[in-house]
1. Hey, could you get me the Stokes-Einstein D for the range 178-222, Kirkwood radius over alpha-carbon pairs, 37 °C and 0.692 mPa s, rounded to whole µm² s⁻¹?
2. Computed on alpha carbon atoms, what radius of gyration and Dmax characterise the range 209-250, expressed in Å?
3. Before rounding to the nearest 500, sum -39500 (n - 2.57) across all DSSP H runs of length at least 4 in the chain and divide by the residue total; then give [θ] at 222 nm in deg cm²/dmol.
4. Kindly state, to the nearest 0.05, the FRET efficiency for residue 295 paired with residue 95, given R0 = 30 Å and r defined as their beta-carbon distance.
5. For the chain, which span is the longest to avoid every loop-located (per DSSP) member of GluC sites (Glu not before Pro) having at most 14 other Cβ atoms inside 10 Å?
6. Springs between alpha-carbon atoms under 10 Å, Gaussian network over the chain: tell me which of 186, 63, 129 tops the mean-square fluctuations.
7. Round to the nearest 0.05 the FRET efficiency obtained for residue 282 and residue 32 when R0 = 35 Å and r is the Cβ-Cβ distance.
8. Pulled fully out, how much extra length does the chain show between residue 6 and residue 263, if you take 0.36 nm times their separation in residues and subtract their Cα-Cα distance?
Amino acid sequence: MLDSLLLLFAGVALAIWGGTLFVNGGVGLAQRARWPTAVIGVTVAAFGTSSPELLVAVRAAQDGVANISLGNVLGANVINVALVMGLVLSMGGLRTGEDGGSRRDWAAALLLPGLMAVLLLDGWFSRVDAFILLAVFVLWLVVVLRHALGHAAREEGIIRPEPVPKRRKVMLELVCGLGLLVVASDLVVTGGRGVAQALGWSSFVVGAVVVALATTTPELSVSLVSRFRGHDDIGLGNILGSNIFNACVVGAVTALIQPYAVKRAEVMPSLACGAVAVLLIWPPRSGFLRRWHGFVLLALYVVYVSMTLGAGGAGR
């Protein structure tokens, strides 16, 4: 048990380091392309902070423990909103985006738990399910990138006062960050599997409660840094984009490598809590999420952990 925990914590530390480097490189790349900060948050920053989940998914599928990955994906999506956004909002309210792009991302993040619930009703995560999720992701990404390219065209020729990151630095951060994430994913899966065996929990529960908490540390760090620096649009976009990427891409990867059976009693609490969490931060008419939203989200996270452990943790 102790060895497994040490491996898990070492993997988390490397994931934080690698995720930070990868996000910095990705944001620098987007800044060179003159993308708006909200789009950077919902795409580059989100995909970068979800890279630990993606690498864990590949490793888990290869090792025959795909349910660790599914638990990680669904658990991470709850944690991103209920815990991460709950902590951010508990520090003070924040203004939500009022443009169509923001509502587009909220709608996608809200609809995906329902889509996954329908796809998994038969108790099997198939390659057909995976391709459906990937098709939804591609459609969403095309719309987002069209918005980003339109913004870049409008910005063409405008002198920007802030410095643009050097290309060599950007590429070095991307490569080093990805390398660290590859190593971290192996440690996290190995440690998580050992913890599951020691506690008698199912692979899904360990993924949803333990591994998910570990792999969402990059989202937490990006959101907190964005809040302290006054870039709430990046932090909020990062959460929404990460949830969309997790559900559509990370969730699909394991099924593409090896389709597998799922227990509806285990996955449904995560999907339900994920949808409720996004609904709680749906942009109000005032365009302002308040501190009490954060406390409600934190309470939802406690409920989620209790439901997940109750559904699949008791020696299953």
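1. This corresponds to a translational diffusion coefficient of 297 µm²/s.
2. Cα only, the range 209-250: 11.0, 30 Å (Rg, Dmax).
3. Dividing the helical sum by the residues of the chain leaves -23500 deg cm²/dmol.
4. Given R0 = 30 Å and the Cβ-Cβ separation, E is 0.95.
5. In the chain, the maximal stretch lacking such sites is 157-316.
6. Top of the fluctuation ranking is 63.
7. Efficiency for this residue pair is about 0.60.
8. 89.6 nm
Any read-out appearing in this document is the output of simple, stated calculations on the displayed coordinates, not a laboratory observation. Since this is a predicted model, take the numbers as computed values, not measurements. Backbone-built Cβ (ideal geometry, glycine too); neighbour counts: all protein chains shown.
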